[in-house]
Amino acid sequence: MTLSEMLRHRRAVRHYDADQTLNSSKVRECLKLAQLAPSSSNMQLYEFYHITNHDTLKQLARACLGQGAAATAQQMVVFVTRQDLYRKRAQAVLDFERGNLSRNSPPDRLPGRLKKMEFYYGKLMPFIYARGFGLMGSLRQIIARSIGLFRPIVVDVSEQDVRTVVHKSCGLAAQTFMLAMAEQGYDTCPMEGLDTRMVKRILKLPRGAEINMIISCGIRKENKGIWGERFRLPFEDVYREI
């Protein structure tokens, strides 16, 4: 499929065909492609839980309130944010960038670029993503708004702002996954109507993990999987050219 064909083919499928199974390896490859989605500061603060076990699928269907998209799913993927891993992820990016810059930077610019990366991932990112009962976010806001008196700067740095950024990056990966699945001829449905506490218990997730969404997977059942025609607002209602 072309990209436009994939976008038109992808629908939120509410009922999957029990007689058609998915190739788990292909779903896994689609998740690898999901990692190519952009991530804020390349922090990649997410994990993908690919569920193929029948008993776990049944438990997750219950946590998803028994909706058809979950109850008939052949497989599921739980997209989880992991802001609590910010130090580990920042260090991983920094380790990569040290070699990346050494291989690809002109010798005269290498020291300056390395210094910037050491500061950005070694100090700034740990400061931006740290949590402290709202206090860290308040401190960041005071600093950002003080600097903002003299020059443009990112001011949305409260703990809730940063949490939103983490979830947006995870959502981009989820959307990329759904398009990759469409290319394979597989169907999906993103679900947010769920009991996140129950999902965390089922998957034995740590306290710092958060559920971004669950995407059910399968092949649509003819004349039942899709709820009629697709509705979108008139383009003129959402498009603004300035």
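Distance from the Cα centroid of segment 165-242 to that of segment 76-118 is 29 Å (rounded to whole angstrom).
Kindly provide the GluC sites (Glu not before Pro) of segment 205-242 that DSSP labels as loop, not H, G, I, E or B, and whose Cβ sees at most 10 other Cβ atoms within 10 Å.
Details: sites: Glu210, Glu222, Glu229, Glu236, Glu241; in loops: Glu222, Glu229, Glu241.
Passing sites in segment 205-242 are Glu222, Glu229, Glu241.
For segment 11-136, the spread of Cα positions along the three principal axes, ordered from largest to smallest, is 62, 38, 25 Å.
Under the combined filter of DSSP loop state and at most 10 neighbouring Cβ atoms within 10 Å, segment 116-190 retains these chymotrypsin sites (Phe, Trp or Tyr not before Pro): Phe133, Phe150. Pull out a ≥ b ≥ c, the square roots of the eigenvalues of the alpha-carbon gyration tensor of segment 109-166, then state rounded if a/c is under 1.5, prolate if not and a/b is larger than b/c, and oblate in the remaining case. Oblate, since a/c reaches 1.5 and b/c is not below a/b.
Strictly greater than 24 Å: what percent of every Cα pair in the chain meets that?
On the way: 16501 of 29161 pairs.
For the chain, the share of Cα pairs beyond 24 Å comes to 57 percent.
Run down the lysines and flag those whose C-alpha is under 23 Å from the C-alpha of Lys221, throwing out any fewer than 8 positions away in its chain. Filter leaves Lys26, Lys58. Of interest is the spacing of the C-alpha centroids, which for segment 36-75 and segment 1-31 amounts to 14 Å. In this simple spin-label approximation, Arg201 and Val155 carry label points 7 Å from Cα along the Cα→Cβ vector, and these lie 4.3 nm apart.
Within 10 Å, at most 14 other Cβ atoms, and a DSSP state outside H, G, I, E, B define an exposed site. Report the longest part of the chain free of exposed trypsin sites (Lys or Arg not before Pro).
Details: sites that count: Arg109, Lys204, Arg207, Lys224, Arg230, Arg232, Arg240.
In the chain, the maximal stretch lacking such sites is 1-108.
Calculate, in nm to one decimal, what Ala92 and Ser138 gain on full extension: separation in residues at 0.36 nm each, minus their alpha carbon distance. Don't skip to the end; give the middle numbers.
Values: separation 46, 0.36 × 46 = 16.56 nm, distance 2.73 nm.
Extra length from Ala92 to Ser138 when fully extended: 13.8 nm.
Taken over the Cα atoms of segment 138-214, the convex hull encloses 117 Å³ per residue.
Taken together, the values in this text are just the output of simple stated rules run on the coordinates, not laboratory data. All values derive from a computational prediction rather than experimental measurement. So basically every Cβ, Gly included, is an ideal-geometry build from the backbone, and we count neighbours across all protein chains shown.
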